[in-house]
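As structure tokens, the structure follows; a few thoughts come after it.
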Amino acid sequence: MNYTIALLAGDGIGPEVTAEAVKVSNAIAKKFDHELNWKSALTGAAAIDAVGDPYPPETHEVCASADAVLFGAIGLPRFDNDPSAKVRPEQGLLRMRKQLGLFANVRPTFVFPSLIDKSPLKRDRIEGTDLVFVRELTGGIYFGERGRQDEGETAYDTCTYTREEIKRLARKGFELARSRRKALCLVDKANVLETSRLWRETLQGMEAEYPDVKVTYELVDAVAMRLIQWPSAYDVLITENLFGDILTDEASVISGSMGLMPSASIGSEVALYEPIHGSFPQATGKNIANPLATVLSAAMMFEMSFHLKEEAELIRSVVNQSLADGVVTEDLADGAKAYKTSEVGDYLVSLIEKA
Ligand code: IPM
Ligand code: MN
């Protein structure tokens, strides 16, 4: 088959890690006789510098007409350190999510058997961990009204959700739970927030449609704790936007390195795949960043957007193999030889060719 993929490398290490995912995807395409047509487009700080807009209309065109989007990372310290900056790279990401209708962010956390002792958590706590967050991505406090009052001395951000926004996200969660261990946990703060009470009420009203899925309701502060104490207890967790942002970073360290976890942002049509880590500016251009989260994001793309499960499985299996063989970047090397970003990609390609 023929697929067009929008390639948004973005900032920092984005270009380096996406380059490896492209290499690996092309090797898979060659092996299984597919044709991948990559279309690069500007986003983030790179796009601000070039055209003054972190998500220019040309980029939206490329994304909207592609079969999938592969995204690197966004953000640079010169913007983080300047709260008065009018145009910020992150605005591009938020606008992209909104304009492409990517209302659900699917972020898995799982452990690699060969890395279990690299996790900051004890082996007996994390063995068997295999959970997925479905985070709401185009609503809540990220998109609510915000501003300043009292000559700038007071600031406010507002969180709003409609029942319909909650329902469409919840459906993704229920369906995903159905294809897995059939347990769905709604994470909220219903003891305080009105939006959370609407989330709870909406989910409770949907339970009858999915009688095979067991739904539990937990408060976000308790989940933050249980996630570290007992991560293997969870299957699918659904959250509003901000809680999901925070908890998915927390969950990502369980696997041993933030450089490992992929994600998919889905909605109605085109889907976007990206590593959950950021732009890691200190490592830019050094060829040391871990490309595996982006490579695994490409695996999610083959599976979810192209429905090519065997291809996705092969990517996951060569990633596992490279970890077991110790062909890893410095974040995982632990005193042993550290390989370069591009060497890890080359090794994955060689394993695919041999498979
Ligand atoms: C993420 C990031 C973004 C978010 C930032 C860069 C706007 O942290 O994808 O989790 O908060 O959603
Ligand atoms: Mn985040």
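The numbers here are math on the coordinates, done by the rules we state, and not lab data. Here the structure is a predicted model, which is why all the values come from computation and not from measurement. Here the Cβ positions follow ideal geometry from the backbone for every residue, glycine too, while neighbour counts run over all protein chains shown.
Observations, loosely collected:
- The HN-Hα couplings worked out from phi for the range 83-100 by the Karplus form 6.51 cos²θ - 1.76 cosθ + 1.60 (θ = phi - 60°) are x, 8, 4, 7, 10, 10, x, 4, 4, x, 5, 5, 5, 4, 4, 5, 5, 8 Hz, whole numbers, x standing for Gly and Pro.
- Between V253 and S268, the simple spin-label model (points 7 angstrom out along Cα→Cβ) gives 3.9 nm.
- Inter-label distance for R146 and D49, nm, one decimal - labels placed 7 Å from Cα along Cα-to-Cβ: 2.5
- Cross-link partners of K31 among lysines, defined as those whose alpha carbon lies under 24 angstrom from its own and excluding same-chain residues fewer than eight positions apart: K23, K39, K309, K354.
- The DSSP beta bridges internal to the range 120-255 are antiparallel in roughly 20% of cases.
- Three-way shape call for the range 227-297 based on the alpha-carbon gyration tensor, with the a/c threshold at 1.5: oblate
- Computed from the C-alpha gyration tensor, the three semi-axes of the ellipsoid equivalent to the chain are 30, 26, 21 Å, from longest to shortest.
- Residues whose amide H comes within less than 5 Å of that of I276, counting only those at least five positions distant or on another chain, are M261, S263 (H built at 1.01 Å from N in the peptide plane).
- Extension gain (nm, one decimal) between A64 and Q99, 0.36 nm per residue minus Cα-Cα: 11.7 nm
- Shown in residue order for the range 176-190 are the 3J(HN,Hα) couplings computed by the Karplus curve 6.51 cos²θ - 1.76 cosθ + 1.60 at θ = phi - 60°: 5, 4, 4, 7, 10, 9, 6, 10, 10, 10, 8, 9, 8, 9, 6 Hz (x for Gly and Pro).
- Efficiency of FRET from Cβ geometry, N26 and M225, R₀ 45 Å, rounded to 0.05: 0.55
- Measuring between their Cα centroids, the range 1-60 and the range 85-133 lie 20 Å from each other.
- Pairs of lysines in the range 120-255 whose Cα atoms sit within less than 19 Å of one another amount to 6, provided the residues are eight or more positions apart or on different chains.
- Ranking Q204, A177, Y161 by how far each Cα lies toward the positive end of the dipole of the range 120-255 (charges on Cβ) leaves A177 at the top.
- Global geometry of the range 120-255, whether rounded, prolate or oblate, following the gyration tensor of its Cα atoms and the 1.5 cut on a/c: oblate
- For the range 120-255: relative contact order, % (alpha-carbon pairs under 8 angstrom, 6 or more apart): 39
- When the square roots of the Cα gyration tensor eigenvalues are ordered a ≥ b ≥ c, the ratio a/c for the range 1-87 is 1.5 or more and a/b does not exceed b/c, which makes its shape oblate.
- Rounded to 5, percent antiparallel among DSSP beta bridges of the chain: 40
- About the Cα centre, charge dipole magnitude for the chain (Lys/Arg +1, Asp/Glu -1 at Cβ), debye: 560
- With loop membership from DSSP and a limit of 12 other Cβ atoms within 10 Å, the longest segment of the chain without trypsin sites (Lys or Arg not before Pro) is 123-336.
- Across the range 163-322, the convex hull enclosing all Cα atoms gives 142 Å³ per residue.
- Each Lys or Arg adds one and each Asp or Glu takes one away; over the other residues whose Cβ falls under 13 Å from the Cβ of D221, this sums to -1.
- Between the listed residues A222, S265, G244, the Cα displaced farthest toward the positive end of the dipole of the range 220-282, a dipole computed from Cβ unit charges relative to the Cα centre, is found at A222.
- Surrounding net charge for I126, when Lys and Arg each add one and Asp and Glu each subtract one, Cβ distance under 14 Å: 0
- Centroid-to-centroid, using Cα positions, the range 267-304 and the range 193-221 are 31 Å apart.
- Integer Hz, Karplus 6.51/-1.76/1.60 couplings in order for the range 14-31, x for Gly and Pro: x, x, 6, 6, 5, 4, 6, 5, 5, 4, 5, 4, 5, 5, 5, 4, 4, 5
- Using R0 = 25 Å, the C-beta based FRET efficiency linking A85 and Y156 works out to 0.80.
- Top positive-direction residue, dipole computed over the range 1-42 with Cβ charges, set N37, A21, L7: N37
- Summed residue charge, Cβ within 9 Å of E353's Cβ, Lys/Arg positive, Asp/Glu negative: +3
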